[in-house]
Amino acid sequence: MQKKQPVTLPVFDETAPYTIALNYYRDGFLAFQKKFVMKRNYITMIAFFILMIVMVISAVQTGMQMYYLLLLVCLACIFILWYNPRKQRRMVINAVQDLEDERYTASCNGKCLRIQTVQTEEEREKDPIPESRIDLDTAWVEDMDEFFLVCDVKTMFYILPKTALHMPFSSETLIGADEDKNENTESIDEN
């Protein structure tokens, strides 16, 4: 089996504000889980399955009730290892549904990916959101069909749509996007 070549992000200046579709989060988190969670879970599930077989053999040979109890514990652990990643995925998707309209800008100098949430001046003064900086020397990057998945030390994942790389940043784009956001806020306030 041929080993997959490491993916590197292209170098690019600051992008125009972009949003991330919910299906990108779903596909990205699934790839993140496959890479960092599922392998360990499958190995642990196999270990519990082997232990379960040993418990069945011991229960049949000795007839002790304790082995049946341990058999149920093994089954419960296997179920939890199978169910928890699905539950986590559902919880993450529910949590990021509110972020679907958030706008971001990104830049990459080849060593560091910088992602910033776009905020108005008022939002920045009230509650500034710090810029995310991902060291690409320690990050794992996956080239998906429509986006790059950037995983920072097995704990955090970032989605970078490929379409964003083709939209260079300009202050007019940012101002226009802020005006659109303000118009949306005003129309919500009116209702």
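The values are calculated or read from the model by the stated rules, or taken from the named source; none is laboratory data. Note that this is a predicted model, so its numbers are computed, not measured. Here the Cβ is made from the backbone with ideal geometry for all residues, glycine too, and neighbour counts use every protein chain on show. These area figures cover heavy atoms from the full protein model, side chains too; ligands, DNA and RNA do not enter into them. Shrake-Rupley method; radii C 1.70, N 1.55, O 1.52, S 1.80 Å.
Cβ-Cβ contacts under 6 Å between residues 6 or more apart (or on different chains), taken from a first residue in region 15-38 that is farther than 17 Å from Val96 by Cβ to a second residue that is part of a strand (DSSP E or B), are listed as Thr15/Thr105; Thr15/Ala106; Pro17/Thr105.
Considering region 6-40, and only residues there that are in a loop (DSSP other than H, G, I, E, B) and small (Gly, Ala, Ser), the residue that is nearest to the chain's Cα centre (by Cα) turns out to be Ala21. Residue pairs whose Cβ atoms lie under 6 Å apart, separated by 6 or more positions or on different chains, with the first residue in region 49-63 and over 13 Å from Val73 (Cα atoms) and open to solvent by less than 80 Å² (accessible area, probe 1.4 Å) and the second assigned to a helix (DSSP H, G or I) and of a type outside the set (A, V, I, L, M), are Ser58/Tyr67; Ala59/Tyr67; Ala59/Tyr68. For region 74-103, the set of residues classified as of a type in the set (Val, Ile, Thr) and in contact with a Leu (Cβ under 9 Å, 6 or more places away or on another chain) consists of Ile93, Val96, listed by residue number. Taking (1) at pLDDT 90 or above; (2) in contact with a helix residue (DSSP H, G or I) (Cβ under 8 Å, 6 or more places away or on another chain) in turn, Val56 satisfies each apart from (1).
Residue count for region 94-124 satisfying the condition of being of a type in the set (A, V, I, L, M, F, W, C) and at pLDDT below 90: 3.
Restricting attention to region 131-171, the residues that are open to solvent by less than 30 Å² (accessible area, probe 1.4 Å) and over 17 Å from the mean Cα position of the chain (by Cα) total 1.
Please enumerate the residues belonging to region 69-98 that are over 23 Å from Asn41 (Cα atoms) and either surrounded by 14 or more Cβ atoms within 10 Å (Cβ to Cβ) or in contact with a strand residue (DSSP E or B) (Cβ under 8 Å, 6 or more places away or on another chain) (or both). Selection gives Val96 alone.
Residues being open to solvent by 60 Å² or more (accessible area, probe 1.4 Å) and in contact with a helix residue (DSSP H, G or I) (Cβ under 8 Å, 6 or more places away or on another chain): count how many of those fall in region 100-121.
1
Contact map, region 102-115: residues that are in a loop (DSSP other than H, G, I, E, B) paired with residues that are open to solvent by 20 Å² or more (accessible area, probe 1.4 Å) and among the charged types (D, E, K, R), Cβ distance under 7 Å, separation 6+ or inter-chain. Pairs shown: Lys111/Asp137. Answer yes or no: is there a residue in region 153-167 that is charged (D, E, K, R), part of a helix (DSSP H, G or I) and free of Cβ contacts under 8 Å to residues at least 60 places away in the same chain. Looking through region 153-167, at least one residue is charged (D, E, K, R), part of a helix (DSSP H, G or I) and free of Cβ contacts under 8 Å to residues at least 60 places away in the same chain. Condition check for Asp178 on (1) at pLDDT 80 or above; (2) more than 30 Å from Lys35 (Cα to Cα); (3) touching a Ser or Thr at 6+ places or on another chain (Cβ under 6 Å): one failure, at (1).
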